[in-house]
Amino acid sequence: MAEQNEPIHIEDDDARAAHTTGYMRYVLGIGLLIAIVAMSIVWIIPALSS
């Protein structure tokens, strides 16, 4: 057990109970791209038909 005034050091993987793979940036990027394309289609198609 740690002393009262001694700092506790925990590795990142242990603190999160997972490991960092880096895939989330691709998921967020693809989701952002899909959202931009969908919003553009929703805006452009009515603008062309009026």
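The numbered conditions (1) in a helix (DSSP H, G or I); (2) loosely packed, with under 10 Cβ neighbours inside 10 Å; (3) more than 16 Å from the chain's Cα centre (by Cα) are all true for residue 27 except (3). Beta carbons closer than 8 Å, at least 6 apart along the sequence or on distinct chains, pair a first residue in region 13-40 that is without any contact (Cβ under 8 Å) to a residue 24 or more places away in the chain and among the β-branched types (Val, Ile, Thr) with a second that is exposed (fewer than 10 other Cβ atoms within 10 Å of the Cβ) and part of a helix (DSSP H, G or I) for 20/12. Which of (1) more than 15 Å from the chain's Cα centre (by Cα); (2) exposed (fewer than 10 other Cβ atoms within 10 Å of the Cβ) does residue 36 not meet, given it meets every other one? Just one mismatch for residue 36, condition (2).
Throughout, read-outs are computed from the coordinates displayed, never taken from laboratory work. Small disclaimer: the values here were computed from a predicted structure and weren't measured. When we count neighbours, we look across all protein chains shown, and the Cβ atoms used for this are built from the backbone with ideal geometry, even at glycine.
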